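Shown next, in structure tokens, is the structure this report addresses.
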Amino acid sequence: MRLEEYWGIGPKTRAVLEASLGTEAAIEAIEAGDLRSLVDAGVDRSRATRILRRAQPAQGMELLATGDARAVYKTIIELAAEKAVCEEAAARLRVLTPLTDQDAMSDRLDAVERGRETWRDLDSDARSTVRDVFAAYDERGGGQLAAVETAIELHESAPTDGAFEPIAELDPGGLSDAAVALGALGDGRVRSGADEELDRLRDARETVETMRADTTGLVEELRSEGVRDTTAFRDGLVERLRDETTIDTAGIREAMPEDALDATGFIDGTLRFLRDSLEESVDERAAAVRESLEADLDAAREDVEHARAAVDRVARDLSLGRFAETYDLQRPTYATDDALAVTGARNLSLLASGGAVQPVTYALGEHGIDAPVGHRVAVLTGANSGGKTTLLETLCQIEILAHMGLPVPAETARLSVRDRIVFHRRHASFNAGVLESTLQSVVPPLTAGERTLMLVDEFEAITEPGRAADLLHGLVRLTVDEGALGVFVTHLADDLEPLPSSARTDGIFAKGLTDDLELEVDYQPRFGEVGRSTPEFIVSRLVANADDAAERAGFRTLAEAVDTEVVQRTLADARWRD
């Protein structure tokens, strides 16, 4: 396979990868989802991430049929990556994609549960040790040697069950031999410390090179020591070299030239001969040591590959387990019939921000929870700032997480495997181009998919209300006709009647104002009811917060327009609570 056959790799990126890794190693990195290798090779991180995501089965990313669905996916990935035990694991989490096989989803959920249970069972000291080991893994820069050393450390310090089972199955003796070989051969040459004789020869060569760089000074030093005749000069040089190197006397005398014209030429000739001889000896010894180390490495090759895979798997499972534990995520159930049903569902982004979250129950299709059954489409209505868009986003998060084989932010979730998720946020613009692009983004995946989920927010924001109601009614009917499930947020519920028999209207209602005159909303939708906007509550707040009499009088005029009695009652309730 050629590198350019992968999505996102053109001539420039191919040249970068080939120059740094070589074609075969680059392909191995892509197939293994090895983000670090691509980034270290010089590929921009965001581009490398997209390349690796697209290298996964194409159907996985096709689930995310709109830009808003892909944005939700990216948010999920980043929240998960924040809980990674190391940067290498975070990089691998960022290239996880939705899965297309239900068995694969179940297998990943099993792995996440093992990771969560294992992390729960570790005491604070054990957690600290594991974090330190993975921090060292990052500091070592990844790669084979880092993985082997990390595997050895985990084998010595971590439990042998749960998520750590892949480490327990490794052979620590074989890994130790591999670590020595990898450490010695890591940068393409035999490193210092790998072989005593090679180190001795290199030290001697370096000393000789240093002496040769200042032969005139060496002559003067020998003369200052009282050396005058040729014999004494020879003996003095032998003594100096014996003191500062490990070269034997016979080797030194063999290197001395017979035809030198002066002392400087004599020393330079001797040192040049010794340097050349040592260079040859270093090369010969390095070749022999390299051959021996490579043989050891070949013998341990399988252990090395197992260690890399084990470290990656343990890091991934622990990271996803921490993610699930942090947000109290629960395992979803995959339905054989067409359904989407959640109880106690919470928005993951709100959980991450630390704000208060009201769990909600919602359902479509044949679900079996305490909600109307058999409706394929819901028209969701209610007050502004009432949580309608947040509910759509929550449903989108739950669907994407479940399709990635990850637990979801809900007490229970029962859903069908889908091939398209169409999530469209509200984009306020009365512009023909926006209307056309919106229809092009939501209709083709609906008609192309066999099991599509439609989550569309305030469709009327992109064109005038009268025509928007016609288009939205058509979109609801098309969703039903195509056998899809859908939730459509709108303020035009009355204009959509009559809905198809398999569609219903749900509403979210404001309850009043809090003690701080903030809008108080019951985020749990009421099934089969039209949620009304609540301008009287907003006007009540404006009346209460008016700075002067004229401003207050102006807002009271608006109160008369909406419902003076309700405004007065709301203000009275707020004062009573004060």
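The values are calculated or read from the model by the stated rules, or taken from the named source; none is laboratory data. Just so it is clear, the structure is predicted and the values come from calculations on it, not from any experiment. Because the Cβ atoms are built from the backbone with ideal geometry, glycine has one as well, and the counts that use them run over all protein chains shown.
Summary of values
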read-out	value
Single residue of the stretch 520-578 satisfying the filter (among the hydroxyl-bearing types (Ser, Thr, Tyr) and closer than 29 Å to Arg346 by Cα) that is modelled with the highest pLDDT	Tyr523
Leu201 buried (at least 17 other Cβ atoms within 10 Å of the Cβ), in contact with a Leu (Cβ under 7 Å, 6 or more places away or on another chain) and part of a helix (DSSP H, G or I)	yes
Which numbered condition Gln397 fails, given (1) crowded, with 22+ Cβ neighbours inside 10 Å; (2) free of Cβ contacts under 8 Å to residues at least 12 places away in the same chain; (3) polar (S, T, N, Q)	(2)
Which listed residue is out of contact with any strand residue (DSSP E or B) (no Cβ under 7 Å at 6 or more places or on another chain) and either modelled with pLDDT of 90 or more or closer than 17 Å to Ala213 by Cα (or both), from Ala263, Ala255, Ala250, Ala287	Ala263
Matching entry among Ala402, Ala410, Ala352 (being within 23 Å of the chain's Cα centre (by Cα), in the same structural domain as Asp506 (by TED's automatic domain parsing), part of a loop (DSSP other than H, G, I, E, B) and over 24 Å from Phe459 (Cβ atoms))	Ala410
Tally, over the stretch 276-317, of residues that are in contact with a Gly (Cβ under 7 Å, 6 or more places away or on another chain) and β-branched (Val, Ile, Thr)	0
Single residue of the stretch 114-138 satisfying the filter (in contact with a Pro (Cβ under 8 Å, 6 or more places away or on another chain) and either closer than 13 Å to Val314 by Cβ or among the aliphatic types (A, V, I, L, M) (or both)) that is surrounded by the most Cβ atoms within 10 Å (Cβ to Cβ)	Thr118
Segments classed as helices (runs of 4 or more DSSP H), wholly inside the stretch 219-319, with at least 1 members that are of a type in the set (Asp, Glu) and in contact with a helix residue (DSSP H, G or I) (Cβ under 7 Å, 6 or more places away or on another chain)	230-244, 263-299
Residue count, the stretch 451-475 (criterion: part of a helix (DSSP H, G or I), under 36 Å from the mean Cα position of the chain (by Cα) and modelled with pLDDT of 90 or more)	1
Residue in the stretch 480-493 that is at pLDDT 80 or above, part of a strand (DSSP E or B) and farther than 16 Å from Gly386 by Cα present	yes
Residue among Thr452, Thr389, Thr438 that is touching a strand residue (DSSP E or B) at 6+ places or on another chain (Cβ under 6 Å), assigned by TED's automatic domain parsing to the domain that holds Phe509 and surrounded by fewer than 21 Cβ atoms within 10 Å (Cβ to Cβ)	Thr389
Subset of the stretch 355-368 [part of a loop (DSSP other than H, G, I, E, B), more than 30 Å from the chain's Cα centre (by Cα) and surrounded by 15 or more Cβ atoms within 10 Å (Cβ to Cβ)]	Glu366, His367
Residue list for the stretch 320-338, filter: out of contact with any helix residue (DSSP H, G or I) (no Cβ under 6 Å at 6 or more places or on another chain) and not in a strand (DSSP E or B)	Thr326, Asp328, Leu329, Ala335, Thr336, Asp337, Asp338
Options Gly512, Gly507; residue that is assigned by TED's automatic domain parsing to the domain that holds Leu395 and either assigned to a helix (DSSP H, G or I) or modelled with pLDDT under 70 (or both)	Gly512
Unique residue being buried (at least 20 other Cβ atoms within 10 Å of the Cβ) and more than 27 Å from Leu329 (Cα to Cα) when the list is Thr49, Thr66, Thr13, Thr23	Thr13
Meets criteria (over 30 Å from Gln440 (Cβ atoms), free of Cβ contacts under 8 Å to residues at least 40 places away in the same chain and not in a helix (DSSP H, G or I)) for Val43	yes
